[in-house]
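The values are calculated or read from the model by the stated rules, or taken from the named source; none is laboratory data. It should be emphasised that the depicted structure is a prediction, and the values quoted were computed from it without experimental measurement. Please note: Cβ atoms are built from the backbone with ideal geometry, for glycine as well, and neighbour counts cover all protein chains shown. The protein model used for the area step is the full one, side chains on, heavy atoms only, and it has no ligands, DNA or RNA in it. Shrake-Rupley method; radii C 1.70, N 1.55, O 1.52, S 1.80 Å.
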Amino acid sequence: MEKKYKISYLINILGVIAVFLLFVLLFETKVFGPSTQYIKGICTTACYTIIMVASLNLVVGFMGEFSLGHAGFVSVGAYTSAIVSSALAGKGLPDFFLFLTALMAGGAMAGITGVMVGIPALRLKGDYLAIVTVAFAEIIRVCFCNFPITGGGKTMSGILKLSDFYWCYWIMAACVAVMYMYVRSRFGRTVKAIREDYIAAAASGINVTYYKVMTFTVAAFFAGVGGGIYAHYMTAMIPTNFNFMYSAELLSEVIIGGTGSLTGSILGAAFLSSLPEMTRQFSKYRMLVYSIILVMVMIFRPGGIFGNWEFSLTRLIKKLTRQEGGKKDSRNEKTKGGV
Amino acid sequence: MKEAAKKPPVLMVQNLGIQFGGLKAVDSFDLEIGESELIGLIGPNGAGKTTVFNLITGVYKPTEGSFYLNGQRMNGKNTYQIVEAGIARTFQNIRLFKKMSVIDNIKAAMNSRLSYGFFHAVFRTPKYWKQEALLTERAKELLKVVHLEGKEELKAGNLPYGEQRRLEIARALATDMKLLLLDEPAAGMNPTETEELLDIINYIRKEFKISVLLIEHDMSLVMKICERIKVLDFGTTIAFGTPKEIANNQRVIEAYLGKEDEEVEEDA
C-alpha cells in the first residue's frame, strides 16, 4: 500500500519536472519569437492565480463554506511581502532567497489574518459566512487605503520584480503539492466529513471549529503566498485591485474548475487567467464572459467542470500500459480519487 | 448488580432536564447504566426521547441536573469532548458522510486516535504511514463487525438503507466509546434486516463490552433485547422496569393507547 503510493508520488514528481522542462524548452528556444517574454508573464500570472484558486478551493470545495473575501488575504500577503522585500533589499541576500522570505512573510501574515477572521466568522454558515467574509475583505482593503506604509490610497510602487516564471512554477508546484497532501490526510478527511454533515462530524468526535479554522488558515496562508507573487510580478499595486470583484473572480474560477478538485482549480485558473491576456481588447468584458460560463457550468455541470475528479498520472500510465484487464483496476482507482 | 455498586456506573444521569422557553421538554430524568447493559428508552412520539439523546451528547445543554460518564461529570462539555470521553450515537434519520467512501466514514470518526500533525501529513513521514496503515486495518475490522467487508471503496450514500444503518453503527464504534446511543436503529428495516441488526447489537455488546441505550418503536425488538426499559411521556418518566413489567404497566398502556374512558378492554 505504502509502496504503491510512494511510486505514484515519484511518477508525479517526474511529471512536474517534465512539464517544467517543456516550458524551459519552449521559452529558451524562443518558439514564440519576440513575444516570449510576454507569454512568460502570462504563465506567471497563471501560477499565482492557480495558488489562489486552489487555496480558495480548500474552503469552498473541501470545507463546503462560501468565502467571498479571498482577495482580502491575497492583499495581506501582497502588501506584507512587498514591504518585507523592500526592507530586505540591498542587504546582500540572493534574489531567490529574498523572494522566498518575502513570500513566507506574506503567507504567514495572511495566515494570522485567517485565524483572526476565521475564529469569529466560522461560527456562521452558508450565506451568513459569505457576507461576513465580504465584510472582512472590505475592512482589510480600507485599512490598506489608510496605512502610510502601503502608500495609502495611492499606488504602492517600486516593488522589486522578483517573480520569475521558473521560480514561480516551482513555488506553485510546491504549494499545490502541500495542499494536495493536506487534503489527502486526516485533515482533509475531517474537513470533508464536516462538509457532509457537521452534526454527525461532531458526534464522531471531530472538533468542528478547530478543523474549520485550521483549513481556513491554511487557505489564507496560500492566498498570501499567491499575493506575494502577484506583488512581485506587478511591481505596483493599489488597494482597489483587491476589491470584491477580485474575490468573485477567484470564486467563479473555483466553481467553474470544480469544487473539490484541485485539478479543476489548476486548469480552471490557468485557462481563465490567461484567457483575458490573450484577448486583451476584450478584457473589459471578462466578467461578462465569466458570468456566462458560470451560468452554463451551473446548468450543465453543477459540480464544476471537473466535479471532484482528480487527474492522476499514475492512473493514466496504468491505463496506457495495461489496456487489457486493467479496466477493473482503473475503476477502483477512480473511486479512490473521487472521494 | 453487585459489581455495578463497586464501580461507578457507565452512565449516571441525575435529575436531568431542559426547558425550551416555557416548555419542559425533559424533566427530572434519572438513569443508571452499568457495563454492557442494554436499556431501552420508549415512549410515544414527542415524548422527549431524542431530546434525552441530544442532552447526553451535548447537542443541547441541560438547564438542570447533571450526568456522569464513569464518574466523570459531563455536562457543559462540547459534543466532540463527550464523544472523546466515550459516548457515541447514531441518528434517527441517518447522517452519514454521504459523498465519502465507506471506509473514510469510519476513518473520519477515528480522527481523535491519530496524532500526526500538519508537517507529518504534508511530508508523508514514517509516522504518517504507520498511523494511517493502523487506521485502515482497524477500520476494516469494524466493517467486518457490521458485515460491510468488501464495500470499503463504495460511496456511503449509495449503500442500501439497511447497510447505511449498519455503517452508522460502525462509525459510532470507531470512536472507541463505552456507551452507545442508538436512535431508532431498526426504523424502516424489514424483519430480516432487524434480525441481523439484533445480532450485531448483541455481538458488539459482548465483544467490545459497551453499554447501549436504545430508542426504538419496534416493540418486539425492544422486548427481545432490552434488559430494562424506561418509558417517557411528555418529558417525564412514567415507568422503569423489565420488559415484562413494562408490558403490563397500566400507565404505559394509557400513554400509548389512551385512557380507558369507556371501559374498553385493551390487551397490551
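Quick notes on this structure:
- Taken together, the residues in the stretch B:114-127 that are farther than 17 Å from A:M214 by Cβ and facing chain A (nearest Cβ under 7 Å) amount to 1.
- Just one of the listed residues (B:Y68, B:Y80) is open to solvent by 10 Å² or more (accessible area, probe 1.4 Å), over 23 Å from B:L197 (Cα atoms) and touching a residue at least 60 places away in the same chain (Cβ under 8 Å), namely B:Y68.
- Here the stretch B:65-93 is the region considered, the condition is being assigned to a loop (DSSP other than H, G, I, E, B) and facing chain A (nearest Cβ under 9 Å), and the residue that is farthest from B:S36 (Cα to Cα) is B:N78.
- Boolean, B:T175 is polar (S, T, N, Q), within 14 Å of chain A (Cβ to nearest Cβ) and touching a strand residue (DSSP E or B) at 6+ places or on another chain (Cβ under 6 Å): yes
- Residue in the stretch B:69-78 that is at pLDDT 90 or above and under 27 Å from B:E163 (Cβ atoms) present: no
- Residues in the stretch A:149-170 that are in a helix (DSSP H, G or I) and open to solvent by 20 Å² or more (accessible area, probe 1.4 Å): A:I149, A:Y166, A:W167, A:W170.
- Matching option when the condition is of a type outside the set (V, I, T), under 19 Å from A:G228 (Cβ atoms) and crowded, with 22+ Cβ neighbours inside 10 Å, among A:G106, A:G61: A:G106
- Flag if A:I7 is among the hydrophobic types (A, V, I, L, M, F, W, C) and within 14 Å of another protein chain (Cβ to nearest Cβ): yes
- Single unsatisfied condition, B:L41 versus (1) under 29 Å from A:F216 (Cβ atoms); (2) in contact with a strand residue (DSSP E or B) (Cβ under 6 Å, 6 or more places away or on another chain); (3) more than 10 Å from chain A (Cβ to nearest Cβ): (1)
- Scanning the stretch A:109-120 for residues being in contact (Cβ under 8 Å) with a residue 24 or more places away in the chain and either within 20 Å of A:M52 (Cα to Cα) or crowded, with 23+ Cβ neighbours inside 10 Å (or both) gives a total of 8.
- Restricting attention to the stretch A:180-196 and to residues that are farther than 18 Å from B:Y116 by Cα and open to solvent by 20 Å² or more (accessible area, probe 1.4 Å), the residue that is nearest to the other protein chains (Cβ to nearest Cβ) turns out to be A:E196.
- Sole residue being part of a helix (DSSP H, G or I) and more than 19 Å from A:M245 (Cα to Cα), chosen from A:F97, A:F73: A:F97
- Helices (runs of 4 or more DSSP H) contained entirely in the stretch B:102-178, each with at least 3 residues that are closer than 20 Å to B:A85 by Cα, open to solvent by 10 Å² or more (accessible area, probe 1.4 Å) and touching a residue at least 40 places away in the same chain (Cβ under 8 Å): none
- Qualifying positions in the stretch A:292-316 - over 20 Å from the mean Cα position of the chain (by Cα) and open to solvent by 60 Å² or more (accessible area, probe 1.4 Å): A:I292, A:V295, A:M296, A:M298, A:I299, A:F300, A:R301, A:P302, A:L316
- Any chance A:S55 is closer than 14 Å to A:G226 by Cα, touching a strand residue (DSSP E or B) at 6+ places or on another chain (Cβ under 9 Å) and in contact (Cβ under 8 Å) with a residue 40 or more places away in the chain: no
- From A:T217, A:T190, residue being in contact with a Gly (Cβ under 6 Å, 6 or more places away or on another chain) and either polar (S, T, N, Q) or on the phi > 0 side of the Ramachandran plot (or both): A:T217
- Where B:E263 falls short, out of the listed (1) modelled with pLDDT of 90 or more; (2) over 24 Å from B:T90 (Cα atoms); (3) surrounded by fewer than 16 Cβ atoms within 10 Å (Cβ to Cβ): (1)
- Test: residue in the stretch A:197-207 that is surrounded by fewer than 24 Cβ atoms within 10 Å (Cβ to Cβ), part of a helix (DSSP H, G or I), of a type in the set (D, E) and facing chain B (nearest Cβ under 8 Å): no
- The residues of the stretch A:12-38 that are in a helix (DSSP H, G or I), open to solvent by 40 Å² or more (accessible area, probe 1.4 Å), more than 14 Å from every other protein chain (Cβ to nearest Cβ) and among the aliphatic types (A, V, I, L, M), listed by number, are A:L14, A:V16, A:I17, A:A18, A:V19, A:L21, A:L22, A:L25, A:L26.
- Helices (runs of 4 or more DSSP H) enclosed by the stretch B:198-257 - at least 3 residues per element that are under 19 Å from the mean Cα position of the chain (by Cα) and surrounded by 15 or more Cβ atoms within 10 Å (Cβ to Cβ): B:219-225
- Test: residue in the stretch A:213-220 that is within 15 Å of A:Y48 (Cβ to Cβ), in a helix (DSSP H, G or I) and open to solvent by 20 Å² or more (accessible area, probe 1.4 Å): no
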